[in-house]
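K.L.:
Quick one: the structure is below, and I'll ask about it shortly.
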Amino acid sequence: MNIELRHLRYFVAVAEELHFGRAAARLNISQPPLSQQIQALENEIGARLLARTNRSVRLTAAGQQFMVDARQVLSQVEAAASRAARLHHGETGELRIGFTSSAPFIRAVSDSLSSFRRRFPDVHIQTLEINTRAQIAPLNEGELDLGLMRNTELPDSLAWQLVLREPLLAMLHRDHPLAGRASLSLAALASEPFVFFDPHVGTGLYDDILGLLRRYGISPYITQEVGEAMTIIGLVAAGLGVSILPASFGRVRLADMVWLPIEEEDAVSEMWLVWPRHREMGAAAAHFSALLMAAATETVKNVR
């Protein structure tokens, strides 16, 4: 059958008004074309939908049934169009974000996630905690929309934007002889037992921090190698050594541990927002990216 949506709309208007003149005015068309379209619809269906006289219009039994079904079809089409439009504008759907263990401790990241949830409550946020180097493959393969990672070497297929540059802090047990200082140089930590990441884990902080130490001629005496930053914090708090982590982890406050600024100016680490270069960024991902960069800019202003 060659029935178009306009035929349904025309018929529903006449069925509700039971008057061709009022229905034509409601549809903003003239009456003769409306009558012709209703007649064409009846011919296409092979059933009389309206009983017409010079004084009245009423629905036949077939017309009553067709009105119910026509309303349902129009409602379904409107709902489908609304769902598609909301998905296109990033108001529904799914946002898949990979992030390193340090990302949630960065206030700009946590604030952006909270703000996104309030503004777009119908978007499902799927977060995956995954180390920096391990994010590259799922970003390339389309399994992640965005990645939050530490600065690292990236393939040409991925684009990135700096979220923020944050200082690195030294971590010591509160009873350590150096714990009472206002700040520390890297040289002061050179001979201390070091708690650090396992090199096989793939965290960007491993290269970041070891690269910093090596620039100053320091090869740390690593006595404990672990997979997670929170484990490093716990072991330092237990007195098993010292370590270095980004300042965002300083939001973790343990009574048995202190955080101290590092005196070297290049003792910093970068957090990047990464996405596939050759795949169009979805609207939800674009909304989150804008919120994150605005929050990061505000964080920098407050620090200054």
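The values are calculated or read from the model by the stated rules, or taken from the named source; none is laboratory data. All figures in this text were calculated on a predicted structure; none of them were measured in a lab. We place every Cβ from the backbone using ideal geometry, glycine too, and count neighbours over all the protein chains shown.
K.L.:
Using beta carbons and a limit of 8 Å, which pairs, at least six apart or on different chains, have the first residue in segment 274-286 and touching a residue at least 12 places away in the same chain (Cβ under 8 Å) and the second one among the acidic types (Asp, Glu) and loosely packed, with under 15 Cβ neighbours inside 10 Å?
P.N.:
277/156; 284/94
K.L.:
Right, here's the next one. Any residue at all in segment 21-40 that is aliphatic (A, V, I, L, M) and surrounded by fewer than 14 Cβ atoms within 10 Å (Cβ to Cβ)?
P.N.:
Taking segment 21-40 first, the residues aliphatic (A, V, I, L, M) are 23-25, 27, 29, 34, 38, 40.
Then keep just the ones that are surrounded by fewer than 14 Cβ atoms within 10 Å (Cβ to Cβ); that gives none.
So far as segment 21-40 goes, no, none of its residues is aliphatic (A, V, I, L, M) and surrounded by fewer than 14 Cβ atoms within 10 Å (Cβ to Cβ).
The rows are residues; the columns are (1) assigned by TED's automatic domain parsing to the domain that holds residue 248; (2) among the basic types (Lys, Arg); (3) under 19 Å from residue 5 (Cβ atoms).
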{"site": "26", "(1), (2), (3)": "no, yes, yes"}
{"site": "65", "(1), (2), (3)": "no, no, yes"}
{"site": "103", "(1), (2), (3)": "yes, no, no"}
{"site": "116", "(1), (2), (3)": "yes, no, no"}
{"site": "120", "(1), (2), (3)": "yes, no, no"}
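K.L.:
Please go through segment 187-215 and pick out each residue that is assigned to a loop (DSSP other than H, G, I, E, B) and either in contact with an Asp or Glu (Cβ under 7 Å, 6 or more places away or on another chain) or under 18 Å from residue 260 (Cα atoms) (or both). It would help to see each step written out before you state the result.
P.N.:
First, the residues of segment 187-215 that are assigned to a loop (DSSP other than H, G, I, E, B): 190-192, 198-203.
Passing the criteria: 190, 191, 192, 198.
K.L.:
Consider only pairs whose beta carbons are under 7 Å apart and that are at least six residues apart or on different chains; among these, list those whose first residue lies in segment 187-203 and is more than 15 Å from residue 218 (Cα to Cα) and whose second residue is of a type in the set (Phe, Trp, Tyr) and surrounded by 15 or more Cβ atoms within 10 Å (Cβ to Cβ).
P.N.:
197/206; 199/206; 203/197
K.L.:
Still on this structure, please answer the following. For segment 22-140, give me every one of the strands (runs of 3 or more DSSP E) that falls completely inside it and has 2 or more residues that are of a type in the set (Gly, Ala, Ser).
P.N.:
Numbers: elements: 50-52, 57-59, 93-99, 123-129.
Answer list for segment 22-140: 93-99.
K.L.:
Within the set of pairs 6 or more residues apart or between chains, which connect a residue that is hydrophobic (A, V, I, L, M, F, W, C) inside segment 239-251 to a residue that is modelled with pLDDT of 90 or more and part of a helix (DSSP H, G or I) with Cβ atoms less than 7 Å apart?
P.N.:
242/189; 242/236; 244/209; 245/232; 249/233
K.L.:
When residues of segment 232-266 are filtered for being hydroxyl-bearing (Ser, Thr, Tyr) and more than 13 Å from residue 194 (Cα to Cα), how many remain? Walk me through how you get there before you give the answer.
P.N.:
Initial filter on segment 232-266 (hydroxyl-bearing (Ser, Thr, Tyr)): 243, 248.
Filter again for more than 13 Å from residue 194 (Cα to Cα), leaving 248.
Total meeting the criteria: 1.
A quick yes/no check of all residues on (1) surrounded by 15 or more Cβ atoms within 10 Å (Cβ to Cβ); (2) small (Gly, Ala, Ser); (3) in contact with a Gly (Cβ under 9 Å, 6 or more places away or on another chain):
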{"residue": "173", "(1), (2), (3)": "yes, no, yes"}
{"residue": "207", "(1), (2), (3)": "yes, no, no"}
{"residue": "222", "(1), (2), (3)": "yes, no, yes"}
{"residue": "246", "(1), (2), (3)": "yes, no, no"}
{"residue": "252", "(1), (2), (3)": "yes, no, no"}
{"residue": "255", "(1), (2), (3)": "no, yes, no"}
{"residue": "268", "(1), (2), (3)": "yes, no, no"}
{"residue": "280", "(1), (2), (3)": "no, no, no"}
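Listed here are the residues, each with its yes/no results for (1) within 32 Å of the chain's Cα centre (by Cα); (2) of a type in the set (A, V, I, L, M); (3) under 22 Å from residue 139 (Cα atoms).
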{"site": "154", "(1), (2), (3)": "yes, yes, yes"}
{"site": "160", "(1), (2), (3)": "yes, no, yes"}
{"site": "170", "(1), (2), (3)": "yes, yes, no"}
{"site": "185", "(1), (2), (3)": "no, no, no"}
{"site": "191", "(1), (2), (3)": "no, no, no"}
{"site": "213", "(1), (2), (3)": "no, yes, no"}
